[in-house]
1. If you check every pair at least six apart or on different chains, which have Cβ atoms under 8 Å apart with a residue in segment 150-168 that is under 18 Å from residue 57 (Cβ atoms) and without any contact (Cβ under 8 Å) to a residue 24 or more places away in the chain first and a residue that is near the ligand (Cβ under 10 Å from one of its atoms) and in a strand (DSSP E or B) second?
2. Has segment 196-205 got at least one residue that is in contact with a helix residue (DSSP H, G or I) (Cβ under 6 Å, 6 or more places away or on another chain) and crowded, with 20+ Cβ neighbours inside 10 Å?
3. Taking the residues in segment 296-313 that are surrounded by 15 or more Cβ atoms within 10 Å (Cβ to Cβ) and free of Cβ contacts under 8 Å to residues at least 60 places away in the same chain as candidates, determine which candidate is nearest to residue 227 (Cα to Cα).
4. Suppose we filter 62, 70 for residues that are surrounded by fewer than 19 Cβ atoms within 10 Å (Cβ to Cβ), farther than 25 Å from residue 169 by Cα and either free of Cβ contacts under 8 Å to residues at least 40 places away in the same chain or in contact with a helix residue (DSSP H, G or I) (Cβ under 8 Å, 6 or more places away or on another chain) (or both); which single one remains?
5. Does at least one position in segment 39-60 carry a residue that is within 16 Å of the ligand (Cβ to nearest atom) and at pLDDT 80 or above?
6. From the list 260, 227, 250, pick out the single residue that is touching a helix residue (DSSP H, G or I) at 6+ places or on another chain (Cβ under 9 Å), more than 17 Å from residue 276 (Cβ to Cβ) and modelled with pLDDT under 90.
Ligand SMILES: [Zn+2]
């Protein structure tokens, strides 16, 4: 999923609970001057996740190194390092996962961490799991919470804003198509054809195919696109947002068909382009009368519609349906 279009959210009520096999009973009644196994350490933390997830994890660590330090009974520094940790001996590995399982409780958990104490010690590297797909704010809360357990805190400990175990978390789920933000700054997009490589007698038909695809979006694309979207055909490819080109040697695919190359910006460095600046659509070896179908499918993806959100007209595998008047 492209995070650019994840502007709306969906509530979940879950527990950020779970956590350790270290029970409260074991922890009671300890233990003279023995110390938590991380006391006094600079703890090396590696993140198995995206750059965004690493950045959020680092922010959670910063919390405990700073304002959160007062709630921990010993001095400790959490050091989130780059890389996968294979060249270091990490003390903690934070793994971002589709679902957190087997965390020792029956409830759904968004995170899992050990809660060591002076008597348990800590097996290294310690494993923390965090559910992926949450909003930045919810991811930060879960990461802070699980680090809190790692540092010995329980659900009834301060700070309750972090350690209380029932939370509303928010996902990065996609909004409905009608509410979805486009992955572009502007819903008025221009489309041009660069078909000078074709024989002169084929150029008009190719351009008409592209305009037939645009007509599908003008008619609403079976409700799959935001109503404020407009795609306007223009003559000059150098000034267009989206350019359609027939090629014999595609930069983005090996076989006959179509593909797109997206240029844009990724300000949060999560590996997904947030804002599109230009899309190059290529058709390779496509019969002229199926160009409109291919271009429409690529245009849908260029405006943020993908996967099972594609309208049925654009998912047919029947070559005959892809030719001619595949829409009304
Ligand atoms: Zn917990």
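The values are calculated or read from the model by the stated rules, or taken from the named source; none is laboratory data. No experiment lies behind these values; they were computed from the predicted model shown. Backbone-built Cβ (ideal geometry, glycine too); neighbour counts: all protein chains shown.
1. Close Cβ pairs satisfying both conditions: none exist.
2. Within segment 196-205 (the criterion being in contact with a helix residue (DSSP H, G or I) (Cβ under 6 Å, 6 or more places away or on another chain) and crowded, with 20+ Cβ neighbours inside 10 Å), the answer is no, since none of the residues qualifies.
3. The qualifying residue nearest to residue 227 (Cα to Cα) is 301.
4. It is 70.
5. Yes, that holds for at least one residue.
6. After ruling out the rest, the residue left standing is 227.
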